[in-house]
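The values are calculated or read from the model by the stated rules, or taken from the named source; none is laboratory data. Keep in mind it's a predicted model, so treat the numbers as computed, not measured. Here the Cβ positions follow ideal geometry from the backbone for every residue, glycine too, while neighbour counts run over all protein chains shown. Heavy atoms of the whole protein, side chains included, go into the accessibility calculation; ligands, DNA and RNA do not. Shrake-Rupley method; radii C 1.70, N 1.55, O 1.52, S 1.80 Å.
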Amino acid sequence: MIKIENLTKVFRTEEVETKALNNVFLQIKKGEFVTVMGPSGSGKSTLLNIAGLLDSASGGSYKLLEKEMIGLKEKERAKVRKQNIGFIFQNFNLIDELSVYDNIELPLIYNGVSASERSKKVKIIAERLGVSHRLKHYPQQLSGGQQQRVAVARALVTEPKIILADEPTGNLDSKNGNEVMELLTDLHANGSTILMVTHSDYDASFSQKTIYMKDGQVLLEKQNTRNIDIIVNG
Ligand code: ADP
Ligand code: MG
């Protein structure tokens with residue numbers, strides 16, 4: 001499903017050059033649920049952004065659904081992204097000018113879902129995430145936790161094959177965090193492939209494999225079900 005080899009990402013500004021990813025290898029099978037952990041600045045978001053086709057790599061290979069994504073034209077990438085990927089952003093990325101309802105509905109419009117189906121799906125997911133009484137509000141009128149739940153709803157409303165979630169419970173209390181984790185677990189049970197960044201061991205325990213990153217490298221991979229530690233990169 002996801003096959004990353006030798007992936008590098010260098011950010012260049014006038015003064016500094018940052019190697020955010022340094023030779024990353026990662027394979028995720030169809031239907032697998034994988035967690036990424038590691039200190040701040042270790043490259044977790046960069047990895048997710050590249051996996052979600054929101055940013056491009058500086059080198060290496062990224063195969064998604066058996067197809068090489070590096071070097072693909074933006075139009076093609078956008079098509080793959082819309083049809084397959086639900087992305088939960090660390091900083092929400094809600095559109096301020098749109099109501100909660102319109103934010104959640106947007107990916108359904110992109111995917112050509114009919115108006116009546118759209119309204120059903122928005123209502124179901126908003127109910128599930130406890131934001132159905134906020135559908136007419138605008139993002140700035142919501143608390144951080146509510147914005148995060150709207151962002152989760154927007155990413156998951158299309159029931160995407162691949163879910164990329166950057167700290168999806170980072171701004172939630174434990175009750176709301178658990179609801180998001182239950183939702184992800186249900187989607188996983190229905191066949192979604194998930195790559196999630198978290199700082200929470202509890203959230204990670206829902207996944208099958210945890211990878212640990214440091215300084216842009218994957219240091220360790222741990223199978224959560226069988227508890228076997230494998231040293232990957234020294
Ligand atoms: P994490 O999500 O693990 O906290 P990031 O992937 O956001 O880490 O960042 C990895 C490194 O890349 C950090 O040193 C960060 O400062 C740098 N970085 C991330 N995005 C950019 C950018 N757009 N421009 C320059 N440097 C960046
Ligand atoms: Mg991050």
Using a Förster distance of 30 Å, the FRET efficiency for residue 119-residue 143 (Cβ separation, nearest 0.05): 0.75
Between the alpha-carbon centers of region 128-151 and region 175-220, tell me the distance in whole angstrom. 22
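Send over a whole-number figure in Å² for the accessible area per residue of the chain, probe 1.4 Å.
Values: 11650 Å² over 234 residues.
Ligands and nucleic acids excluded, the result is 50 Å² per residue.
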Which whole-number percent of Cα pairs in region 56-192 have a distance greater than 17 Å? 61
Of all DSSP beta bridges located in the chain, what percent are antiparallel, nearest 5? 60
May I ask for the longest run of the chain untouched by GluC sites (Glu not before Pro) that are loop-located per DSSP and have at most 12 neighbouring C-beta atoms (other than their own) within 10 Å? 98-234
Exceeding 22 Å between C-alpha atoms, which entries from my cross-link table qualify? They are 3/79; 161/222; 136/175; 29/222; 30/222; 30/63. 161/222; 136/175
Can you give the log10 of the normalised intensity I(q)/I(0) at q = 0.16, 0.20, 0.28 Å⁻¹, computed with Debye over equal Cα scatterers of region 1-58? -0.52, -0.78, -1.35
Can you pull the semi-axes for region 28-113, root of five times each eigenvalue of the Cα gyration tensor, sorted largest first, whole Å? 24, 18, 13
Taking amide hydrogens as modeled 1.01 Å from N in the peptide plane, which residues meet the under 5 Å criterion relative to residue 217, leaving out close sequence neighbours? 22
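Please return the longest stretch of the chain lacking exposed loop sites, where trypsin sites (Lys or Arg not before Pro) count only if DSSP places them in a loop and at most 10 other Cβ atoms lie within 10 Å.
Excluding the exposed sites themselves, the longest stretch runs over 137-225.
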Extension reserve of the residue 27-residue 63 stretch, reckoned as 0.36 nm per residue once the Cα distance is removed: 12.0 nm
More than 17 Å apart: what percent of Cα pairs in region 122-224 qualify? 54
Ignoring solvent entirely, what values of log10 I(q)/I(0) come out of the Debye formula for the chain at 0.11, 0.12, 0.13, 0.16 Å⁻¹ when each Cα is a single scatterer? -0.56, -0.66, -0.78, -1.16
